[in-house]
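The values are calculated or read from the model by the stated rules, or taken from the named source; none is laboratory data. From a predicted model like this one, the values you see are computed outputs, not experimental measurements. Cβ placement follows ideal geometry from the backbone for every residue including glycine, while neighbour counts extend to all protein chains displayed. The accessibility values were calculated without ligands, DNA or RNA, using every heavy atom of the protein model including side chains. Shrake-Rupley method; radii C 1.70, N 1.55, O 1.52, S 1.80 Å.
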Number of protein chains: 2
Amino acid sequence: MTQKPTLPTIEDIRNAHQLISAHAHRTAVLSSKQVDQKTGGQIFFKCENFQKVGAFKFRGATNAIFSLSDEEAAKGVATHSSGNHAQAVALAAKMKGIPAYIVMPENAPKVKVKAVKNYGAEITFCESTLDARESTLEKVVEQTGATFIHPYDDPRIIAGQGTAALELLEDHPDLDIIMTPVGGGGLLSGTALAAKSIKSDIVVIGAEPKNADDAYRSFKANELIPVKNPDTIADGLRTSLGKLPFSIITQHVDDIVTVSEESIIEAMRFVWERLNMIIEASCAVPVAAVFDGKVDVKGKKVGIIITGGNVDLDNLPW
Amino acid sequence: MTQKPTLPTIEDIRNAHQLISAHAHRTAVLSSKQVDQKTGGQIFFKCENFQKVGAFKFRGATNAIFSLSDEEAAKGVATHSSGNHAQAVALAAKMKGIPAYIVMPENAPKVKVKAVKNYGAEITFCESTLDARESTLEKVVEQTGATFIHPYDDPRIIAGQGTAALELLEDHPDLDIIMTPVGGGGLLSGTALAAKSIKSDIVVIGAEPKNADDAYRSFKANELIPVKNPDTIADGLRTSLGKLPFSIITQHVDDIVTVSEESIIEAMRFVWERLNMIIEASCAVPVAAVFDGKVDVKGKKVGIIITGGNVDLDNLPW
């Protein structure tokens, strides 16, 4: 497993942006008078739900995969995921023309399995425990020589995720606050690195479900406190904060706030109804934080990264 | 009732664009590799579901209302509608700072009544027949002296709706085909006027539900054949084609195609799932026409105007 645990810099993020811009969408930034009236601020949504594979994860995966040496690339890439990262790795590998090996739990939603297959990846199924996923991945990597693309604990991934904030600040250089949800921490750490380098007085805030508040607790305690099987509708945020993201977050993030499940669902539905776009529960977390007054946005310009829009339309929370 | 039955020109559309651009969003244009692969063309979606009030109707209403003389404006505006036009007139009137009188059927969805009320309009309820709506409106206009803002049979409305195509062709000047759904015909006629003036060899196509195919039949017969209470999920397209739109459509539209209810629902869901945006059934109609091969788009660049995204999330067709 090739891991380079050095912290990425703003140059890495700018290089990532150049590298991925031929492959990834420059996503739209939407705003809504109704949201602004409700909050008293000016909220700008960076719509990564319109990104390829429907999520920001494509940025990091593309940067990591297109940064491989020819020798590494020839052997392909591997990861374990049942979510957006699996699709992101599969599509980026397809674009690069190299094999992708994805380890997925047997009980992964059929629609996600199908999407990964459609991108031409080779799927290995395993039991749905983290242990089984990790040991199966290890075997796959041993057999194939593929490079493991970690979903967040990797500087190339973090640099890739930071490109969304880079674009958002190009479009709206005068943001006072920038917010993202926090799960493994790849997006929040990349966003913090990008935003603070571009505008040193910007306030960077992560938002997390109360029911999966390991990043909040880790941030407050200044030590990594993992969470076990948290029960939250925000399925993208059930992961524990990664080491590398944590070290960046402690340095560059101003605060982490938490919100209830009810607030997440309410904010999710509000965005669906008023902005007419489909967002995952995970992206509703920072929106809920603003709606609940957990962050004071009155009179402020606030950027929120809308992380993805892959939801099961037959299983909506209302 | 002030009606000016002269045909709008490209200058009217350009003037409308200048007039409304301080008030309306310049909406995003989205595309999707999955849609392109499915169709063999390059499809560009002009996203009026992200427009104010969630629909293109805001363009026409704003142009009509901001074109009023001071004397007309002082007395306010009136219309009858249970749909997006009601909200569009209500919001545009609020922005102009003049009264809006909206006649709505008693059985109008509560959420739509609430939205119109929120924009500060005065609502008069009536029975849900067209006769009751028209006679109630007439009374309101008599009492108030308000100007009737027709949803489509008005050159200022048509010019306003044409601004969406204007923007789309500014962003993508090399479109081969441009498509819209057709109900009353305001959008299709405005689009045809704009598109043919800007690019004379562009092909303009309207799409209609088979179950409400009055525009199709009128177009083929070259005479206006109204439809009575058509049964289609595309509620925005149940209206019969208007006179003024019809006269423009016979001149400038190349074809009108029809699609089944099943195809509409399938296309609607495809867009929700793959583009992560919420579109009304009405906007799925041209998408369905492309998916069904009713229009040959192979190797072509095709613009589709996504008309709106106001749906009842508790009452989805799947």
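Here are the numbers:
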| quantity | calculated |
| --- | --- |
| Qualifying residue in segment A:276-291 (condition: surrounded by 24 or more Cβ atoms within 10 Å (Cβ to Cβ), over 21 Å from the mean Cα position of the chain (by Cα) and within 14 Å of another protein chain (Cβ to nearest Cβ)) | yes |
| Within segment B:295-308, considering residues that are farther than 13 Å from B:V203 by Cβ and either open to solvent by 10 Å² or more (accessible area, probe 1.4 Å) or in contact with a Ser or Thr (Cβ under 8 Å, 6 or more places away or on another chain) (or both), the one nearest to the other protein chains (Cβ to nearest Cβ) | B:G308 |
| Whichever residue in segment B:96-128 is open to solvent by 70 Å² or more (accessible area, probe 1.4 Å) and in a helix (DSSP H, G or I) and, among such residues, is modelled with the highest pLDDT | B:K117 |
| Test for B:N222: is it open to solvent by less than 70 Å² (accessible area, probe 1.4 Å), of a type in the set (S, T, N, Q), assigned by TED's automatic domain parsing to the domain that holds B:G183 and modelled with pLDDT of 95 or more | no |
| Qualifying residue in segment B:24-46 (condition: aromatic (F, W, Y) and surrounded by 23 or more Cβ atoms within 10 Å (Cβ to Cβ)) | yes |
| Subset of segment B:49-61 (residues that are within 14 Å of chain A (Cβ to nearest Cβ) and not basic (K, R)) | B:N49, B:F50, B:Q51, B:V53, B:G54, B:A55, B:F56, B:F58 |
| The lone exception for A:I13 - which of (1) free of Cβ contacts under 8 Å to residues at least 60 places away in the same chain; (2) open to solvent by less than 20 Å² (accessible area, probe 1.4 Å); (3) in contact with a Ser or Thr (Cβ under 9 Å, 6 or more places away or on another chain); (4) not hydroxyl-bearing (S, T, Y) it fails | (1) |
| Candidates A:F270, A:F246, filtered to the one that is of a type in the set (A, V, I, L, M, F, W, C), farther than 20 Å from A:D153 by Cβ and open to solvent by 10 Å² or more (accessible area, probe 1.4 Å) | A:F270 |
| Looking only at segment A:249-267, and only at residues there that are open to solvent by less than 10 Å² (accessible area, probe 1.4 Å) and under 27 Å from B:L275 (Cβ atoms), the one that is farthest from the other protein chains (Cβ to nearest Cβ) | A:I264 |
| Qualifying residue in segment B:57-74 (condition: buried (at least 21 other Cβ atoms within 10 Å of the Cβ), among the aliphatic types (A, V, I, L, M), touching a residue at least 60 places away in the same chain (Cβ under 8 Å) and not in a helix (DSSP H, G or I)) | no |
| Leading residue by the ranking (nearest to the chain's Cα centre (by Cα)) among those in segment B:139-189 that are acidic (D, E), over 21 Å from B:V203 (Cβ atoms) and open to solvent by 10 Å² or more (accessible area, probe 1.4 Å) | B:D153 |
